[in-house]
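Data block below; observations after.
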Amino acid sequence: MTTATLETWKEISEAAYRDLENAVGAENVSREPAVLDGYAWQPTINDDPAKWVKRPVAVVLPSSTEEVQEVVRACNRHGLKFKAFSTGWGVYSGPTYDNVVQIDLRRMNRILEIDEKNMYALVEPYVCGAQLQAEAMKRGLNCHIIGAGPACSPLASATSGWGVGWDGVYMSYGHRNLLGAEWVLPDGEVIRVGSCDSGLGWFSPDGPGPSLRGLMRGSTGALSGLGVFTKCALKLYPWPGPSRVNVRGLLLDAKAEIPENVRFHLCFFPDRKRLADAVYRVGEAELGYLATRTAVAAFIYTFAPHLLRRIAGTRCLRDVLSRGVKWGFVIMLVGASEEEIAYQDAALRRILADHDGLSIEAMGVPAIGSMVFMNFFRVTAIPMVFRMGGLFSTALDRNDTWDTQLDWAEIGESIKRKWIERGGILDDLADNPFMALYESNMWAHCEEIFQYDARDPKHLASLEPMFIEFSVAAIEKCMEPLSATDARLRKIVSPLMGHYNEWQKKVSAMVDTNRAADTGMYCDEVDFDFSKVEPELKAKLDRLVERFRWTEDGPPS
Amino acid sequence: MAELNMLLEKLASVVGNENVSTAEDLLSTYRKAGTVEGGEPLAVVRPADTREVRELVKLARAEGYNLVFSSSAPPRLRGDSIPRGEGIIVDMSRMDKIVRLDRRNKVALIEAGVTYERLIPEVDKLGLKVLMPLLPKRGKSVLASCLEREPIIIPKYHWDMTDPMLCTELVFGTGDLFRTGSAAGPGTLEQQWAAGAAQKNPMGPAQTDFVRVVQGSQGTMAAVTWCSLKLEVKPEIHRIRFVPDAKLERLIDFTYRALRPRLGDEWLILNSYALATMVSEDPERIPDLAGEQAPFTVVYGVSGYQYLPEERVAYQERDLARHAQAAGVSATAEVPGCSWKKMERILASPSPEPYYKMRPKGDFLDIFFLTTLDQAPRFISVMEAQAERFGYPTQRIGIYIQPIQQGRNAHLEFTIYFNPEDRPKALELFDSASRALSEAGAFFSRPYGAWSDLAYARCPDTVRVLRKVKDMLDPDHVLNRGKLCFEIEGVS
């Protein structure tokens, strides 16, 4: 991701600052450097956190759509840019230019409506997953919570970011859960996407005719490059369990009362083929409320990073984890009736038997079950991903078939192993994929997580070469790399996929004549500094680009 | 005439003489459809591949033609393939390859001209099924049905409005080629298959999702040459049940209760006349058969798959029975004139010829829109009041409610059946009822013909942005000129 120094940063003009004060009230705008630097500290997925990101020139805290509009209009008048921020999480939440007003949406934190019957909620940007889930559960419903955890904004992931979570098998993907959105365009005008723009409610996201949902984002959002989303309607999903799960304690020191209609299986298979085949059958049987393949070592580094360090140095334990229990799969079953949970459990066991798998039913092991339940159900374990090294990053390919995602996990593992051996990243035993299934139809997600310590110069020096190595591997596999949304590689990757960024630039120009949105994470292009990348790897990238670059007639055969 | 001949020569230079036609019987099928009339098709051209489609678009830009894409066989029902003024019809039916069927990943990749009739048996051989709308026309293009957002009859598989369509190949009005979803690349389809991919991911590439802009656009944004399509497993055990009842509200209550935990497969609600029209082989018998039905009937399917199919069906039937009891309704295995086996066959196939809605009177008009299930009774009252106002018997209106997006909203469809000689009266009712329903809050998400004025009058902000999008993707307005909210001065 793009990073920058503060060398070219300038203070905001008095006139512009007064306009911002007029927009949101003097108490809700700041240019205090200490406050601004709080926003510039966006380390996650920042490949050089020593630099931080750009410091915004001011931060504003609007409380309504109208105030957001006024802020955006002020930016247009004064030649400033804006960048929205809700719950944040990574480098993509921060400015990429020197003249950016950070629009912190934390005062817009209301759940405006829950339509229990038609299973959707209307929310503002700072509503977080845990907040929405808790309210939904009171009505027998639940919401999709992304992998980044329950502190994150469902609006942000559905409109502007990514949107994958362990519950994807039952609750889909952020963007596909959108039923309508209110959108402040970069010129300050508001549009609403879907039936809500006709004043008919928030039940349908598309039309009349073409859907503007296709403009606002793709598999990745525009990350505020096309404006600010101030409300959205999101699908809710059934939760046939209790309205509240009684829990004592926090995170790993928690004891939850497991609902009777829940089963939680830790499944293991002898090899990749039998795991792959079994999971395809799980999809065809339409089983699961939550499902993931996560390596056992990943559980350990999350829950007990010091223990993992010891294990990593012990050959036999290392082998047990890396080989003996490598092909694991976690699935939570939830039944709306006793008969349904009995059926799901029996069908899963039959699939396991047919594929030589075995399962530990975690709910039958109270010490484990009560500890891990909320970590999966509410995704509370995720923040612990920072424990091992303080920071982590990820390597993502394009979601497609379950088979391709298993390939990506293996590719990622092999790349990581090399860098672990070089001391370039922390040793998490290399196999550390975050995988999710979608919609029981067996398209899936895999990202390879890696841990690093920003205080270690060797680690920092590894990040850019690894980023390129993962990109090369994805392109070689005919997969869209994560770098497709990175300003430094767009120029290289875009021609391999229909010149998508030329269209993104056109979309940007169409809605943003004053270039008021911070488009660094949307359509800007800068050159990548390949000086830290091995020449052979750069040459391989060049060959792949030559091979896959679209001609006038499409992809070359 | 000389000008037309020159035009035909240019078109022939792209698709070959034998694929350019000005035959009157062919052109006449593009002059009117549904309530849309006045099309002036100049010729019908039949491209063989994407290259020819792109050449046609480039030619249209150079010469200023209006291209209207059409993939399905007649009868034409909605008017989206009727040009507004003059137009060249681009008939995609030659592009009819089933490019790939993938059993493991449950995907088909099909060209625009592939029909349901053609695809269903091929998919069936693999133990899979096509996710279909209710009784599509026999010659209906699968891709066109998806692009038109025709609702599929299994709500639990309708996760999002693009379903079951996944990836697409597009030719924008600029002539540029683009691919959406995981088909975008890197690599050709073949290279992607070799790498294990199957064009399963419908989103993207990157931060665009142009398939959503093209879907529902009635061919005004891009031509679509192929798409990948989500398939599902054919059940080992499949049963259809009927829940007839006098009160629609009870059936809606039952539907909400059942769809929330994703019980059932097929799920639709029909009134007595719509049901009779579907099941009666003898048009003369339809009124009597309708009289024998309950006013409304839920039709649902229950399935068991490879693993423990009996057990799955058993738990679903038990849970459904509980919900039925709570809603005060009950299920049965047959209704007058239709066993569950017969309904199973009906739901799994395209309509027999002639198209089933022609059966009662020889012609028909549909009014359909999106709403939520709980609002359906209110809209039915509006429609019935309109029918009474125009002297149309309310019991002869067909009503079809299709829950979509797993029950979060619904396609509500009224059918006005009429003798061809009564068309003017039917059009009056259609026009008045459409307006009344719009005023009552109907969301015409698929705004064919005159509905576009009704729909777009309600959302000027959306119109403002859509026009910019149109100018970006089709700057010379060569694709289905003048449709939706993209009026051109001087073209009526």
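For region A:499-557, filtered to residues that are over 26 Å from the mean Cα position of the chain (by Cα) and basic (Lys, Arg), the residue that is farthest from the other protein chains (Cβ to nearest Cβ) is A:532. Pairs meeting the criteria (first residue in region B:112-138 and assigned to a loop (DSSP other than H, G, I, E, B), second residue acidic (Asp, Glu) and surrounded by fewer than 23 Cβ atoms within 10 Å (Cβ to Cβ), beta carbons under 6 Å, at least 6 apart or on different chains) are B:113/B:96; B:114/B:96; B:138/B:117; B:138/B:353. Pairs meeting the criteria (first residue in region A:341-366 and free of Cβ contacts under 8 Å to residues at least 40 places away in the same chain, second residue hydroxyl-bearing (Ser, Thr, Tyr), beta carbons under 8 Å, at least 6 apart or on different chains) are A:342/B:315; A:343/B:315; A:349/A:359; A:350/B:307. Please enumerate the residues belonging to region A:11-41 that are of a type in the set (Lys, Arg) and either within 32 Å of the chain's Cα centre (by Cα) or closer than 18 Å to residue A:107 by Cβ (or both). Correct list: A:31 only.
Taking the listed residues B:366, B:461, B:471, B:453, the one that is closer than 25 Å to residue A:214 by Cβ, touching a strand residue (DSSP E or B) at 6+ places or on another chain (Cβ under 8 Å) and charged (D, E, K, R) is B:461, with no other qualifying.
Please determine whether any residue of region A:477-489 is within 13 Å of chain B (Cβ to nearest Cβ), in a loop (DSSP other than H, G, I, E, B) and on the phi > 0 side of the Ramachandran plot. Yes: region A:477-489 contains one or more residues that are within 13 Å of chain B (Cβ to nearest Cβ), in a loop (DSSP other than H, G, I, E, B) and on the phi > 0 side of the Ramachandran plot. In summary, residue B:301 fulfils each of the numbered conditions (1) surrounded by fewer than 17 Cβ atoms within 10 Å (Cβ to Cβ); (2) touching a helix residue (DSSP H, G or I) at 6+ places or on another chain (Cβ under 9 Å) with the single exception of condition (1). Evaluation of residue B:80 against the conditions (1) acidic (Asp, Glu); (2) within 14 Å of chain A (Cβ to nearest Cβ); (3) farther than 24 Å from residue B:404 by Cβ shows that the sole unmet condition is (3). Can you find even one residue in region A:284-294 that is away from every other protein chain (no Cβ under 11 Å), part of a strand (DSSP E or B), surrounded by fewer than 22 Cβ atoms within 10 Å (Cβ to Cβ) and in contact (Cβ under 8 Å) with a residue 24 or more places away in the chain? Within region A:284-294 (the criterion being away from every other protein chain (no Cβ under 11 Å), part of a strand (DSSP E or B), surrounded by fewer than 22 Cβ atoms within 10 Å (Cβ to Cβ) and in contact (Cβ under 8 Å) with a residue 24 or more places away in the chain), the answer is no, since none of the residues qualifies. The helices (runs of 4 or more DSSP H) found wholly in region B:171-271 and carrying at least 3 residues that are more than 9 Å from every other protein chain (Cβ to nearest Cβ) and under 30 Å from residue B:373 (Cβ atoms) occupy B:248-259.
For region A:452-461, indicate whether the set of residues that are small (Gly, Ala, Ser), surrounded by fewer than 15 Cβ atoms within 10 Å (Cβ to Cβ) and in contact (Cβ under 8 Å) with a residue 24 or more places away in the chain is non-empty. Looking through region A:452-461, at least one residue is small (Gly, Ala, Ser), surrounded by fewer than 15 Cβ atoms within 10 Å (Cβ to Cβ) and in contact (Cβ under 8 Å) with a residue 24 or more places away in the chain. Kindly establish whether residue B:185 is at pLDDT below 95 and more than 16 Å from the chain's Cα centre (by Cα). Spelling it out, residue B:185 is indeed at pLDDT below 95 and more than 16 Å from the chain's Cα centre (by Cα). The set of residues in region B:1-24 that are acidic (Asp, Glu) and modelled with pLDDT of 95 or more comprises B:9, B:18, B:24. Consider region B:122-147. How many of its residues are surrounded by 19 or more Cβ atoms within 10 Å (Cβ to Cβ) and charged (D, E, K, R)? Total meeting the criteria: 3.
Residues in region B:203-241 that are on the phi < 0 side of the Ramachandran plot and among the small types (Gly, Ala, Ser): B:217, B:222, B:223, B:228. Annotation note: Cβ proximity below 6 Å between a residue of region B:71-100 that is without any contact (Cβ under 8 Å) to a residue 40 or more places away in the chain and a residue that is surrounded by fewer than 17 Cβ atoms within 10 Å (Cβ to Cβ) (sequence gap 6+ or interchain) occurs for B:98/B:122.
Among the numbered conditions (1) polar (S, T, N, Q); (2) surrounded by fewer than 24 Cβ atoms within 10 Å (Cβ to Cβ); (3) within 17 Å of residue A:175 (Cβ to Cβ), the only one that residue A:219 does not meet is (2).
The values are calculated or read from the model by the stated rules, or taken from the named source; none is laboratory data. Not measured: the values here are computed from a predicted model. When we count neighbours, we look across all protein chains shown, and the Cβ atoms used for this are built from the backbone with ideal geometry, even at glycine.
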